[in-house]
Protein chains: 4
Amino acid sequence: MSTAVIGVSGYTGGELLRLLINHSKTELVGVYGKKSAGKRLTELQPNLVGFEERTIKKPDYPEIGKNADVVFTATPHGIAMKFVPKILEGGAKVIDLSADYRLDDPKIYEKYYKKHESPELKAVYGLPELHRDEIKKAELVANPGCYPTAAVLSLAPLVKENMVKTDPIIIDAKSGTSGAGAKPSKMLHHPACAENIQAYSPTSHRHEPEIAQEIGKLVEDEVGIHFTPHLIPIVRGILSTSHVFMREPGAEEEVLDLYQKFYKNEIFVRVLKALPQVSSVVGSNLCDIGLKSDAKGERFVVISVIDNLIKGASGQAIQNMNLMFGFGEAEGLGEIPLSP
Amino acid sequence: MSTAVIGVSGYTGGELLRLLINHSKTELVGVYGKKSAGKRLTELQPNLVGFEERTIKKPDYPEIGKNADVVFTATPHGIAMKFVPKILEGGAKVIDLSADYRLDDPKIYEKYYKKHESPELKAVYGLPELHRDEIKKAELVANPGCYPTAAVLSLAPLVKENMVKTDPIIIDAKSGTSGAGAKPSKMLHHPACAENIQAYSPTSHRHEPEIAQEIGKLVEDEVGIHFTPHLIPIVRGILSTSHVFMREPGAEEEVLDLYQKFYKNEIFVRVLKALPQVSSVVGSNLCDIGLKSDAKGERFVVISVIDNLIKGASGQAIQNMNLMFGFGEAEGLGEIPLSP
Amino acid sequence: MSTAVIGVSGYTGGELLRLLINHSKTELVGVYGKKSAGKRLTELQPNLVGFEERTIKKPDYPEIGKNADVVFTATPHGIAMKFVPKILEGGAKVIDLSADYRLDDPKIYEKYYKKHESPELKAVYGLPELHRDEIKKAELVANPGCYPTAAVLSLAPLVKENMVKTDPIIIDAKSGTSGAGAKPSKMLHHPACAENIQAYSPTSHRHEPEIAQEIGKLVEDEVGIHFTPHLIPIVRGILSTSHVFMREPGAEEEVLDLYQKFYKNEIFVRVLKALPQVSSVVGSNLCDIGLKSDAKGERFVVISVIDNLIKGASGQAIQNMNLMFGFGEAEGLGEIPLSP
Amino acid sequence: MSTAVIGVSGYTGGELLRLLINHSKTELVGVYGKKSAGKRLTELQPNLVGFEERTIKKPDYPEIGKNADVVFTATPHGIAMKFVPKILEGGAKVIDLSADYRLDDPKIYEKYYKKHESPELKAVYGLPELHRDEIKKAELVANPGCYPTAAVLSLAPLVKENMVKTDPIIIDAKSGTSGAGAKPSKMLHHPACAENIQAYSPTSHRHEPEIAQEIGKLVEDEVGIHFTPHLIPIVRGILSTSHVFMREPGAEEEVLDLYQKFYKNEIFVRVLKALPQVSSVVGSNLCDIGLKSDAKGERFVVISVIDNLIKGASGQAIQNMNLMFGFGEAEGLGEIPLSP
């Protein structure tokens, strides 16, 4: 089965290639980039020296759509929406790692990003734990954002069982710096960033409507998601802390039991009796979840952790591909977390 | 004016000495410790080589109380309560950096710590921005915890003006590792901690009742404080994120204006138009505060940052001493934050 | 083919298991530890939850030697030498990850470690790039130290071709903190270690004679190795900087060419035209090497990097096992470096 | 006494201001910058909010030279040499923090930097521990580089007493990232830099001739300095490791004694019996030095540490100013290292 990757100068593109190279069922037909065309891939992704030495090509979208069975698009937001229709016409399936097809409502996309250029295209939201059957049949998958992956997985059981109030749900998330991308900036300059913690977009981050959309689907209603992300000086990893309030007081063990049942067939979700730590999932496609109630069982804190570049981006994209093409869901994703 | 420090092997004791050495109005009569008696101070605090070379002495509490005008106690929780009465009898004033006298209700102390051994002693809570007049007259000051300092300062204006609902108030805080003390442990072992984020005591941390007590005083009512701390791999600094809900929708500029007025005479509080960052206060006694409302003005996120060892511990203790003895409040606390 | 691991509470033991679980040719018969017997493995290695759930057993050495084809010993120095003879008697091959069999001369072992308890046992030094043929036939392999792996690989071509003076060779190495093990200590306490650099054992580190032994074999003479290690606040990775002086001035390109030829058949050594960086090998079994001459071609700086827990320990042990049992040398070691 | 600072957008400019604000004998007449003119200083140096709120002005060099008693130039290399003559004409003394006047020989400057535009101007090399008397009388002081400060102080006693061979002297140095400046770049991008170590300019760094010049002055001869710097993921601090070979074997205690005598009147040099650590000097103007010999007393490893922005730049500039104007040498430099 043949794959192509468009957008290979950033972190998610590099990570996709790292995973694809060791995927036993696929063959890479090409790596593409507009600005990076003509460069050797290893100039931009030096960890791949000796593993994948090809040169980046200028993308001819219809051609790529004809030659590949699946095309991954790892371009910045606002780019894929311009050319995904052309790829689909060629016959390939598309997994878009940008935000372009994540939001069902083009008006919300326009509010948080920009005017959509292919609003008629409908994608399946590629969170396998919630949308597995649709993903299997999808032509176009919108790979979820890193924060929404962590947040939605940590809330789904409680929300779906209607056990928590859906307003307010406060999600206070902490991300490593690789989540902000490969482009140097003042905010990510090591001396300014290393011994620092900062919040950003604390009330209007682009991932808030994405989380609200997916949580809303679970209750078929509007929900009050209040999302605040923070930048933390680690390279990889997200820890998402959800503060929720129960409709009726509940016992910690029962809620934990609910989570274990909800995820019992999931390969990539581990429900823990302890509090999850970022370091226990980095390097893998896993999402670890744990929780704690207050003394009265009224407030629950649910914590989830992922590797933002794997389960939060490229690993999840591979997982979606595996589903779309009938491979084992864990094919190429067997890496055990690095520790320490 | 003469000072003594009991408990000099930890980080707050070391930081106290660093600040006292450069304080122009005080003279150190002795450094004391039970286990560390007989050692040179610089064995435990090597940064002080050349600045303070004395030997640690075994404490004789009544004697210390006679010889010093003020005694700082930087011992672990549950220790100072045994000997503070003896020091006070000697005539010295006491500033206790442990939790022993922070909670007004001994039953709450017993629930979160252990049985109190001098519950009859009443201390003034040493947060100068809220209790300046009482501190000036106090014989015994309970120096606030690091998290409560950051959280209470960030919430006081909105709570005192009765503008926010007092339940739920969610405080999601992030601390550097120096807050956990100088004793090696698995949790603070560099390989396990450096590329990691973790929550701890997410619903029952000891600082929750302390925050609730101080926020409660502002409204003279019970409040619903929900506090979750996280350990972040930086050495110094706390960032406290408060998620609050307004009684009536409010405008961001008006609330900011309220904060600026509330703190306009405070030397150590800077109300910023930008979001505060830990790196802008480390090395100083400052607390920076900033805030952001959601689109409707219903939910506010208020963020505050401090250096946990200075404004969150030893610097605040010096500030309290300055008030108790009529020195300039900023005496010995003029350090500008290190940047970067 | 069946394997057993003795010593699974530390970082090299955990890393061995992480690699063995994904090794397609082997089956684990048991995990053993004296102090940790009776505990679940995942209590000590929480990243393995869901991958390997067995309980640690008390070791019966002759029995283990009978049941396993190869036994990995990942115990602290001075322990394996007590029981390796018993395992060998059972019939298993042994790969010892400690220092116990690395030094050919028991007197040197005694000087740097302690009195040897099985000095009659002779091991093959398990650096495949230099001793591949002997490793294939070995019953007992001494897996090299992390620093010697990086240093010897970076010097071998120049030394073997007799192009550099063998005294002085200055090796100034920098290691991440995982190299110091899983046991909490003052030196590795996060607040003390995170924003710090320190040298340790700058003239008498235990790896100096090990490096000298291996470099000496290449010239069949005594050599003047001067080795100084430093602790750096990263989790994984060693960068080894060798400062060497040429017998005759040489051109950089020629020396680089020599290195490329020397290692052209090696799967795990990449000779780079650029200067190697730790981040380009972490997560893999690779060793990257680069070099630079001064203007006159008299002094060369040769730099090598490895992941100390993989090529510097457990990955190299797997590589040795693959050679000893006729598997593909890269079996189970195909991981591409994580980046970033 | 009045001061001016030209170049206030970088780290050394910001650090100068931080120190000058708390210097009791000076008054700031202005802050200047070509590109940053018109901006508020606190936009670029947010830690100074509330301490120094003035606006950056476009520099009129002769005017500045008339109005200030001393002018600090903290511009990039190759800039100050254009305007320092004009400032001197105005009557002010100048302390240049760039490399422009550090090298006595304009040809060497040209080789390592660019063609010099005011080669006729001769400066005093501002390392007070070696050139105090000349500094007191200087009109123009060239403030030393960060690496040379650490390296020269660590070698001076052994070299001056003619106890070590002056070729080869290997200096392997490790610097925090603030040494590379405030401008974002790929090399300093947090995800690429945080869990990484890298060497740069390993045989031809610009500080090599500067170190050779100063070490050469001590023996009045050419010396073979071999300098290799490394970038380490900490914010502040340099650790310099010098590997030297004795003319005659020497005892460690005697050499240590030599160092203690050599520096016995120096306020900012601490000769330690232990190995120095970066964390023991950060935040101060101190240089800590320690050493270790090999078993035979033939090879010594001398280690020094400084805060690169203080003793390695702005603190040393203040120390030079104090000498030039007859203030106490430690005036404004009393900060005790932050620990942890």
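Summing +1 for each Lys or Arg and -1 for each Asp or Glu among the other residues whose beta-carbon sits under 15 angstrom from that of C:PRO340 gives 0. Just checking the listed ones, D:ASN308, D:ASN143, D:ASN322: in the Gaussian network model of chain D with Cα springs under 10 Å, the one fluctuating most is D:ASN322. When peptides B:12-23, B:110-121 are ranked by their average number of other Cβ atoms within 10 Å per residue, the highest-first order is B:12-23, B:110-121. Can you pull the Kirkwood radius for region A:256-331, inverse mean 1/r over Cα pairs, to one decimal in Å? Radius from the Kirkwood sum: 13.4 Å. Quick one: plug the Kirkwood hydrodynamic radius of region D:175-218 (C-alpha pairs) into Stokes-Einstein at 20 °C, 1.002 mPa s, and report D in µm²/s. So the translational diffusion coefficient is about 171 µm²/s. Amide hydrogen proximity for A:LYS165: with H placed 1.01 Å from N in the peptide plane, the residues at 5 or more positions away or on another chain lying under 5 Å are A:PHE245, A:MET246, A:ARG247.
Counting only Cα atoms, chain C measures 62, 44, 38 Å along its principal axes, largest extent leading. Among B:PRO229, B:PRO184, B:PRO144, the residue with the largest mean-square fluctuation in a Gaussian network model of chain B, with springs joining Cα atoms closer than 10 Å, is B:PRO184. Rg over Rh for the protein assembly as shown works out to 0.96, both radii taken from alpha-carbon positions and Rh defined as the Kirkwood radius. Given R₀ = 25 Å, FRET efficiency for D:LYS273-D:GLU161 by Cβ-Cβ distance, to 0.05? Approximately 0.80, to the nearest 0.05. Here is how far apart the C:LYS35 label points are across copies: 1.9, 5.2, 5.5 nm, shortest first, using a point 7 Å from Cα toward Cβ. Using just its DSSP H runs of length 4 or more, each adding -39500 (n - 2.57), chain B gives a mean residue ellipticity at 222 nm of -8500 deg cm²/dmol after division by all residues. When only the Cβ of Lys, Arg, Asp and Glu is charged (+1, +1, -1, -1), the dipole of the protein assembly as shown relative to its Cα centre reaches about 0 debye. Largest GNM mean-square fluctuation among C:HIS77, C:HIS131, C:HIS189, using chain C with Cα springs under 10 Å: C:HIS189. DSSP beta bridges confined to chain C are antiparallel in about 45 percent of cases.
Mean partner shielding of peptide D:228-241, defined as the number of other chain Cβ atoms within 10 Å of each residue Cβ, is 6.
Subtracting the Cα-Cα distance of A:ASN67 and A:LYS137 from their residue separation scaled by 0.36 nm leaves 23.2 nm. Axis between B and A by rotation; chain B residue with nearest Cβ and distance in whole Å recorded as B:ASP172, 2.
The Kirkwood radius of region D:212-254, taken over pairs of alpha-carbon atoms, gives through the Stokes-Einstein law at 20 °C and 1.002 mPa s a diffusion coefficient of 158 µm² s⁻¹. Considering all C-alpha pairs of region B:2-122, those separated by over 16 Å amount to 59%.
Peptide B:304-313 has a mean shielding of 1, counted as Cβ atoms of other protein chains within 10 Å of each residue's Cβ. Taking a sphere under 9 Å around the Cβ of A:ALA80 and counting the other residues whose Cβ falls inside, with K and R at +1 and D and E at -1, yields a net charge of -1. Straight-line reach from A:LYS66: which aspartates and glutamates have Cα under 18 Å away, leaving out those fewer than 8 places along the same chain? Correct list for A:LYS66: A:GLU27, A:GLU89, A:ASP96, A:GLU139. Stretching the chain fully between C:GLU110 and C:SER204 yields a gain of 32.5 nm (0.36 nm per residue, less the alpha carbon separation). By other beta-carbon atoms within 10 Å, ranking C:PHE245, C:PHE72 with the fewest at the front produces C:PHE245, C:PHE72.
Output the pairs from A:LYS136/A:LYS261; C:LYS296/D:LYS137; B:LYS111/B:LYS174; C:LYS35/C:LYS137; C:LYS183/D:LYS273 with a Cα-Cα distance over 30 Å in this structure; if there are none, say none. Listed pairs above 30 Å: C:LYS296/D:LYS137; C:LYS35/C:LYS137.
Taken over the Cα atoms of region C:147-308, the convex hull encloses 113 Å³ per residue. Counting Lys +1, Arg +1, Asp -1, Glu -1, what net charge surrounds C:VAL282 among other residues with beta carbon under 9 Å of its beta carbon? That sum, taken over residues with Cβ under 9 Å, equals -1. Taking every alpha-carbon pair under 8 Å whose residues sit at least 6 apart, chain C reaches a relative contact order of 17 percent.
Computed from the coordinates by the stated procedures, all read-outs in this text should not be read as laboratory data. Computed from a predicted structure; not experimentally measured. Heads up, the Cβs are rebuilt from the backbone with ideal geometry, glycines too, and the neighbour counts pull from every protein chain shown.
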